[in-house]
1. Read through the labelled values (i) 272; (ii) 143; (iii) 178 and report the label of the one computed as volume of the Cα convex hull per residue in Å³ from the structure.
2. Whole number in Å², please: accessible area per residue of the chain, 1.4 Å probe, ligands, DNA and RNA not counted.
3. Return the ratio Rg/(2.2 N^0.38 Å) for segment 133-190, where Rg is computed over Cα atoms only.
4. In whole Å and largest first, what semi-axes does the C-alpha gyration tensor of segment 33-165 yield when each eigenvalue is scaled by 5 and square-rooted?
5. Starting from segment 190-230, pick out the GluC sites (Glu not before Pro) whose DSSP state is loop and whose Cβ has at most 11 other Cβ atoms within 10 Å.
6. With labels modelled as points extended 7 Å from the Cα through the Cβ direction, what inter-label distance (nm, one decimal) is found for VAL18 paired with THR4?
7. Separation of segment 135-150 and segment 209-230 by C-alpha centroid, Å?
8. Which loop GluC sites (Glu not before Pro) in segment 21-62, with loop taken from DSSP, have no more than 15 other Cβ atoms within 10 angstrom of their Cβ?
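The values are calculated or read from the model by the stated rules, or taken from the named source; none is laboratory data. Everything quoted here is computed from the prediction, not taken from an experiment. All Cβ positions, glycine included, derive from the backbone under ideal geometry; neighbour counts span all protein chains shown. Heads up: the accessible areas ignore ligands, DNA and RNA and are worked out on the full protein's heavy atoms, side chains in. Shrake-Rupley method; radii C 1.70, N 1.55, O 1.52, S 1.80 Å.
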Amino acid sequence: PTETNGDLLGYYIYYQVVGTTDTSRAEAGPNDATYIISGLRPATEYVITLTAYTEGGESERSGEVLVQTLSGVPSAPLSVTAEGQAPDTVVVTWQIPTETNGDLLGYYIYYQVVGSTETLRSEAGPDQTTYSISGLRPATEYVITLTAYTEGGESERSGDVLVQTLSGAPSAPLSVTAEGKAADAITVTWQAPTNTNGDLLGYYIYYQVFESTETLRAEAGPSDTTFNIS
């Protein structure tokens, strides 16, 4: 103060959230010219005033000062679910964090094949509550977690969610051969596909008389590698 009018005993710092009536007070010593107010809400605007005091009493309040705390780390996204939508795609849904502690900038979606150590990350916008992850392996189980982030940092991860992509079409059978075994029978042999892309349910054997347009079909089981057409 310009005039202390006695021994200055200290300062009172009054502060409250803008728009509220609840005022808190902190106290600084007579030689202090700075004070850190802690325990405030993240990303919240406060109004601050100061007084000085002596044994003779407390001064008038200073002019009001408006200040906003920085953004904090948000809480984790809620109610995370995931569902296989296609052989290479899963859809993830969630709800916004209970506490954003600032302007929410977006979400990180972490995913990896179960049992793998390689983690991949996608990013969703702050207004999204659903996201499609594509380019995945067919019939493969993935573990998915989410975080939210602000300028203050990234939240803790949500709980793990397990999801499996849908089965895809397998690659073609390998090393197919056919041999006449009798006047009315042919034996077909083959090897399993390189990629089944799911549980192999069986094989279709298509056959037709040469230069005919009529195609017939037989079916072999998933464990078969030979079939007799008769």
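1. (iii)
2. Accessible area per residue: 63 Å².
3. So the Cα radius of gyration is 2.36 times the expected 2.2 N^0.38 Å.
4. 48, 12, 10
5. The qualifying sites are GLU211, GLU214.
6. 3.5
7. The two parts, judged by their Cα centres, are 41 Å apart.
8. When the GluC sites (Glu not before Pro) of segment 21-62 are filtered for loop state and at most 15 Cβ neighbours within 10 Å, GLU55, GLU60 remain.
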